[in-house]
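One structure is given below, encoded as structure tokens.
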Amino acid sequence: MNNSLKRYGTALLGLAMILGPLAVSAHSAEKMTLSQSIDLAMKRSVLVHSTQEGILGAEAQQREAFTGFLPKFGTSYSYTRLNEDPYFFFPGIEPLIPAKQMTTGTKDNYTWSIEARQPLFAGGAIQSNYEASRLGTDIARQEHLANLRNLVLEVKIAYFGVLKANRGLDVAKQSVERLKAHRETAQGFYDTGMIPRNDLLRAEVELANGHQSLISAMNAKEMAEARFNTLLRRGIGTVVEIEDTLTGRPYGATLEGCIAAALERRPELQSASLRVRQAQSLVRQSEADYYPSVNVVGNYSRYGDTPGVSGTPYKPQESWYAMVVANWNFWEWGKTKHRVEAGISREKQATDALDNTRDQIVLEVKNAYLLLREAEKQIQVSEKSAEQAEENFRINTERYREQVGTATDVIDAQTLLTKSRSDHANALSDCAIQQARLERAMGEDYQGEERP
């Protein structure tokens, strides 16, 4: 008997040593709200930063595409060395002018040119390319929003997971306290010879099982906090102290309203729609090769037989010209036709993807809505069950103290009460998580969400 007391005293002391620092640290840490947690995760998330860089890259491509409307300027400098001075043979006019060889140029020739080229007509290729790039920027923004909302959902799930673990730990602690009280009562009855040793041993075994459940609950709490800290990019062992927001209030919205909101708000649907428009722009860009391209070209050049291009005795120092150039590849063995057909196929693929995305969103919303309603009903059932289990435990405990009930009745009632309270805590957290999933499925904006 004394050895049993020493054994359980040692176990309780060990638990106190584990729980003690956690309790002190928890009191010293400032409680975080859900909004603060989400804001911190958004500021530190590398995935969010990655999609922000994606937006910057798409905007740079859009600016690059816009330069197609503007004139292009270029310059060149060249040096040409001939094997001999250019000449031609003059037959002469005998006998007045004798025949002779006449020099027409120099061996060393330097040329410096500046050229400007302005497109006038490109069959719509420049406009279509710019439109596709602009839509690419919009797609990057929608992908960024989707990434933000995914992060919000992950933080909410981790946040409610910590609350769930905290409540599970409380239930486990309360269970250990009840089992301790029952073992002490059984010890007193055994000391006075009112119960057999088997009843005392049963109480001690159940208390040991309670300690094991408590250790498991503590481990679950640590894992939930580690996940929460990872999402917020804090030290994985940072103490987590958050506000308990598990209320189980019903979500006041109809399924039809949720679906309508999702079809209007979901960034994935907006992104798929933009991809269809982008594919259409790329088809028009391919079709531009059916038409000629027209450009205005202006050129200014300077020549010379020295690097300073100061002219030669045979050629003026400078010249310029302006011209309109039309280019048209009217026969390439169906190359443009095949490119257009490939673009049309990609457009149809994008349209199919849009329809599939819409169907999947509707299904996702309905499933999330039904799971939320189920979780809300589970709260009501588990709350009532916990109240009944608590009364059942009280009655069986009193009956045992009056020796009109058995130890088995008390232990069974204790097990039922622990399960009922655990089920209620799980139902509250599951309801909050399912509501978060429904809000994500609806594409609901987070109030503190950063807009790209």
Subject >> Qualifying lysines (Cα of each under 23 Å from Cα of Lys100; at least 8 residues distant if same chain) >> reply: Lys315
Original post:
Computed over the Cα atoms of the stretch 212-272, what is the ratio Rg over Rh, Rh following Kirkwood?
Top reply: 1.20
Subject >> Order of Trp112, Trp320 - criterion: other Cβ atoms within 10 Å of each residue's Cβ, fewest first >> reply: Trp320, Trp112
Original post:
Using the 10 angstrom Cβ neighbour count as an exposure proxy, how do Cys431, Cys258 rank, fewest first?
Top reply: Cys258, Cys431
Subject >> Most to least packed among 167-176, 327-336 [average Cβ atoms within 10 Å] >> reply: 167-176, 327-336
**OP:** Could you size up the charge dipole of the stretch 237-355 around its Cα centre, putting +1 on the beta carbon of Lys and Arg and -1 on that of Asp and Glu, and report it in debye to the nearest 20?
**Re:** 580
Original post:
For the peptides 205-215, 432-442, what is the packing order when you average, over each peptide's residues, the other Cβ atoms within 10 Å and list the highest mean first?
Top reply: 432-442, 205-215
Subject >> Solution diffusion estimate, µm²/s, Stokes-Einstein, the stretch 115-183, Kirkwood Rh from C-alpha pairs, 37 °C, viscosity 0.692 mPa s >> reply: 184
Original post:
Taking Cα pairs under 8 Å and at least six residues apart, what relative contact order does the stretch 342-452 come out at, in percent?
Top reply: 38
Subject >> √(5λ) per eigenvalue of the Cα gyration tensor, the chain, largest first, Å >> reply: 86, 27, 15
Subject >> Signed unit charges on C-beta, dipole axis of the chain, positive-most listed residue Gly304, Gln52, Ala217 >> reply: Gly304
Subject >> Given Lys31/Lys221; Lys221/Lys384; Lys221/Lys419; Lys31/Lys164; Lys31/Lys180, the pairs whose alpha carbons are separated by over 20 Å >> reply: Lys221/Lys384; Lys31/Lys180
Original post:
Using the membrane-span-like helix rule (whole DSSP H runs, Cα extent along the own axis of at least 18 Å, mean Kyte-Doolittle hydropathy at least -0.5), which helices of the chain qualify?
Top reply: 2-28, 46-66, 125-191, 197-231, 407-441
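Since every read-out is calculated from the coordinates, none of them should be taken as a lab result. Bear in mind the structure is a predicted one, so any value in this text is a computation, not a measurement. Neighbour counts run over all protein chains shown; Cβ positions are idealised from the backbone, glycine included.
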